[in-house]
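A.B. asks: Sending over a structure as structure tokens; questions will come in a sec.
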Amino acid sequence: GPNHLMVMLNSQVRIQDKTGATLSTVGLDGFWNPAGGSGEFDPRILYDQGTDRWLAICASDRRSASSAILFAASDTSDPTGGWTFYNLDADSLNFDWADFPDIGFNATWIALTTNMFAISDDSFAGTQMWVIDKATVGGTLTFTLLLPGFDSAGGASRSEEHTSELQSH
């Protein structure tokens, strides 16, 4: 960001100023606590210059029916200030769990992707994507969910429209 460096590891989240001075360090679970997951893993953090805020993603509740993708956006370019957190159910039918989340964005959309695996035997179920309307971040999140199989030959085959309530911190 313009004045900060933010790093997320499987163990902790650290915010530093541009001189390298540590401003805060918190455990990964502590950072994501407002989102309501547990056992968080595979975090990612990016700074979006277009909206002057930080965007973060993390998976939680591995190998379980409560598997979720946690998404957060800082309120401003200062990551030591407020954040808005979202908890996105990985699979509403509770067959699959989400692993290896990633995030990307452009001027209009934020894309969150995960690899999905069967809870029963850990077999690969496919890739899933949430396409978020960037204008809704900070309020009720509006997104399209592209279910596993959307990326197979022949184009997008399965999607659902969704909204998600916010949790502020």
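The values are calculated or read from the model by the stated rules, or taken from the named source; none is laboratory data. All values derive from a computational prediction rather than experimental measurement. With ideal geometry, Cβ positions are generated from the backbone for all residues, glycine too; neighbour counts draw on all protein chains shown. Heads up: the accessible areas ignore ligands, DNA and RNA and are worked out on the full protein's heavy atoms, side chains in. Shrake-Rupley method; radii C 1.70, N 1.55, O 1.52, S 1.80 Å.
A.B. asks: Can you go through 45, 57 and tell me which one is in contact (Cβ under 8 Å) with a residue 40 or more places away in the chain, buried (at least 16 other Cβ atoms within 10 Å of the Cβ) and either closer than 23 Å to residue 138 by Cα or of a type in the set (Asp, Glu) (or both)?
C.D. replies: On the way: 45 fails: in contact (Cβ under 8 Å) with a residue 40 or more places away in the chain.
Sole residue among the options that is in contact (Cβ under 8 Å) with a residue 40 or more places away in the chain, buried (at least 16 other Cβ atoms within 10 Å of the Cβ) and either closer than 23 Å to residue 138 by Cα or of a type in the set (Asp, Glu) (or both): 57.
A.B. asks: Right, something else. Within region 84-93, is there a residue that is touching a strand residue (DSSP E or B) at 6+ places or on another chain (Cβ under 8 Å), open to solvent by 60 Å² or more (accessible area, probe 1.4 Å), not in a strand (DSSP E or B) and not polar (S, T, N, Q)? Reasoning before the result, please.
C.D. replies: Step one: filter region 84-93 for residues touching a strand residue (DSSP E or B) at 6+ places or on another chain (Cβ under 8 Å), giving 84-91.
Okay, now just the ones that are also open to solvent by 60 Å² or more (accessible area, probe 1.4 Å), so 89.
Now narrow it down to the ones that are not in a strand (DSSP E or B): none.
Scanning region 84-93 turns up no residue that is touching a strand residue (DSSP E or B) at 6+ places or on another chain (Cβ under 8 Å), open to solvent by 60 Å² or more (accessible area, probe 1.4 Å), not in a strand (DSSP E or B) and not polar (S, T, N, Q).
A.B. asks: Just give me the residues in region 65-90 being among the hydroxyl-bearing types (Ser, Thr, Tyr) and under 16 Å from residue 35 (Cβ atoms), in sequence order.
C.D. replies: Hits for region 65-90 are 66, 67, 74, 84, 86.
A.B. asks: In the set 119, 69, 132, which member is touching a residue at least 60 places away in the same chain (Cβ under 8 Å), of a type in the set (Val, Ile, Thr) and under 18 Å from residue 42 (Cβ atoms)? Break it down into steps so the answer makes sense when it comes.
C.D. replies: Details: 119 fails: touching a residue at least 60 places away in the same chain (Cβ under 8 Å); 132 fails: under 18 Å from residue 42 (Cβ atoms).
Of the residues listed, the single one that is touching a residue at least 60 places away in the same chain (Cβ under 8 Å), of a type in the set (Val, Ile, Thr) and under 18 Å from residue 42 (Cβ atoms) is 69.
A.B. asks: Please enumerate the residues belonging to region 103-123 that are under 21 Å from residue 66 (Cβ atoms), open to solvent by 30 Å² or more (accessible area, probe 1.4 Å) and not small (Gly, Ala, Ser).
C.D. replies: Hits for region 103-123 are 113, 115, 117, 119, 121, 122.
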